[in-house]
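Engineer: One structure is given below, represented as structure tokens, and several questions about it will come after.
Rule-based calculations on the coordinates, nothing more; no lab input. Nothing here was measured: the structure is a model prediction, and the numbers come from that model. Because the Cβ atoms are built from the backbone with ideal geometry, glycine has one as well, and the counts that use them run over all protein chains shown.
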Amino acid sequence: MRITVTVDGTAYTDEVEPRLLLVHYLRDRLGKVGTVIGCDTGNCGACTVHLNGHSVKSCSVLAVQADGGDVLTVEGLSRNGTLHPVQQAFRDNHALQCGYCTPGMIMQTLDLLAEEPDPDERTVRLGLEGNLCRCTGYQNIVSAVQDAAQRLRGGSTTETPT
Ligand code: FES
Ligand code: FES
């Protein structure tokens, strides 16, 4: 099937198998390897991207379902080498160790903060419950999300010393 999809601001038209998953289209066709595969079964959230403004697990979406749509991946967040505030907050709060979950965590965080610009800890933990991290114990991720929220609201940051 022929699909046309905008990914990180660039329009692509491709012939794809109807069974091709969006995550495989992004990684194997477009080279968007910043979006990663953890489980391939919709459980870990590592593959999270935005489709038409909302987070989706791209291993649970067919590429043909994105036809005519607008996809944002973690690779579309930084501008001219400057990290997005959410990316910078994850970095400053040491919210990653191996980093494998991080692209999905960041994309889910953006969705969460669009819904709730000033989330308390419980809201953050609920909002990220579909994204698993094997390394951090989550506390620094929660701190990063609340820091990112403050940055996006235009407040001062709570940068953690490195
Ligand atoms: Fe998609 Fe785990 S790879 S949810
Ligand atoms: Fe390793 Fe989250 S930092 S899985």
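Engineer: Using DSSP H assignments, which helices in the chain have an axial alpha-carbon span of 18 Å or above and a mean Kyte-Doolittle hydropathy of -0.5 or higher?
Structural biologist: Details: long enough: 102-115 (20 Å, 0.54); 139-152 (20 Å, -0.05).
Answer set is 102-115, 139-152.
Engineer: Oh, and also: Want the number for N52 to T4: 0.36 nm per residue separation, take away the alpha-carbon distance, what's left?
Structural biologist: Working: separation 48, 0.36 × 48 = 17.28 nm, distance 1.35 nm.
That works out to 15.9 nm of additional length.
Engineer: So how far apart, in nm, are the two label points at D28 and N80 if each is 7 Å from Cα heading toward Cβ?
Structural biologist: Using points 7 Å along Cα→Cβ, the separation is 3.8 nm.
Engineer: Most exposed first by the Cβ proxy, i.e. fewest other Cβ within 10 Å, how do T102, T48, T136 rank?
Structural biologist: T136, T102, T48
Engineer: Give me the Kirkwood hydrodynamic radius of region 85-152 in Å, from all C-alpha pairs, to one decimal place?
Structural biologist: 11.4 Å
Engineer: Need one word for region 28-102: rounded, prolate or oblate. Basis is the Cα gyration tensor (sqrt eigenvalues a ≥ b ≥ c); a/c below 1.5 gives rounded, then a/b vs b/c decides.
Structural biologist: Here region 28-102 falls in the oblate category.
Engineer: While we're here: Can you tell me the length gained on complete extension of the stretch A11 to Q139, counting 0.36 nm per residue apart and subtracting the Cα distance?
Structural biologist: Going from the current span to full extension adds 42.3 nm.
Engineer: With each label point set 7 Å from Cα along the Cα-Cβ vector, what nm distance links Q65 and D118?
Structural biologist: Those two pseudo-labels are separated by 3.5 nm.
Engineer: How many nm separate the modelled label positions at E129 and R19, each set 7 Å beyond the Cα in the direction of the Cβ?
Structural biologist: Between E129 and R19, the simple spin-label model gives 3.4 nm.
Engineer: Tell me, how many Å apart are the Cα centres for region 98-133 and for region 1-79?
Structural biologist: Rounded to whole Å, the Cα centres lie 19 Å apart.
Engineer: Only Cα pairs within less than 10 Å get springs; with that Gaussian network setup on the chain, which residue of L20, L128, L113 has the largest fluctuation?
Structural biologist: Among L20, L128, L113, the largest GNM mean-square fluctuation belongs to L20.
Engineer: Now, a different point. Given the C-alpha atoms of the chain, compute the convex hull and give its volume per residue in Å³. Kindly include the intermediate steps, with their values, before the conclusion.
Structural biologist: Values: hull volume 17.6 nm³, N = 162.
For the chain, the hull spanned by Cα atoms encloses 109 Å³ per residue.
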